[in-house]
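Please treat every number below as a calculation from the coordinates, not as lab data. All values derive from a computational prediction rather than experimental measurement. Backbone-built Cβ (ideal geometry, glycine too); neighbour counts: all protein chains shown.
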Amino acid sequence: MASLPSCIFCKIIKGEIPSLKLFESDKTYAFLDIGPLSSGHSLIIPKHHGAKLHDMPADQLTEILPVAARIAQAVGCEDYNILQNNGRIAHQVVDHVHFHMIPKPNEAEGLG
Ligand code: 5GP
Ligand code: ZN
């Protein structure tokens, strides 16, 4: 399914819900998470709508990890987590495949 009108991430892609966009191409969209776990916490999504990873054609996913890595670099974080939840028990809340890029700042920096 290319797009699902009721899906909040499809609405973000179409600009019907505002987002802080970090990257966009013909098949990928990236934006800041509204509830960040750390500064720069981003969501990288395929534009093609699919609820879970196994619903998503592999060719829709080829840019996801390179874009996540570029955003991590752009926010100055060498270390980061990629998180991808599938299903309620696995803590998926939004049913449009998305990859979290969660920067892990160096806690020691700035401490005496
Ligand atoms: P999940 O638990 O489904 O893996 O994560 C969904 C993520 O989407 C959460 O981290 C949540 O903060 C984020 N989110 C939900 N709604 C919106 C929204 O309208 N805008 C943005 N930027 N992030 C959202
Ligand atoms: Zn969607």
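Annotations for the structure displayed:
- Local charge for ILE82 was computed over the other residues whose Cβ lies under 15 Å away, with Lys and Arg +1 and Asp and Glu -1, and equals -2.
- Highest mean packing comes first when the peptides 41-47, 59-65 are listed by Cβ atoms within 10 Å, giving 41-47, 59-65.
- Placing pseudo-labels 7 Å out from each Cα toward the beta carbon at ASP55 and ALA2 gives an inter-label distance of 1.8 nm.
- Local net charge near MET56, Cβ-Cβ under 15 Å (Lys/Arg +1, Asp/Glu -1): -1
- Cβ-Cβ FRET estimate between ALA69 and LYS14, R0 fixed at 30 Å, reported to 0.05: 0.70
- Helix-only CD estimate at 222 nm, as mean residue ellipticity for the chain, using -39500 (n - 2.57) per DSSP H run (n ≥ 4): -4500 deg cm²/dmol
- Cross-link partners of LYS14 among lysines (Cα-Cα below 24 Å; sequence separation of 8 or more within a chain): LYS27, LYS47, LYS52
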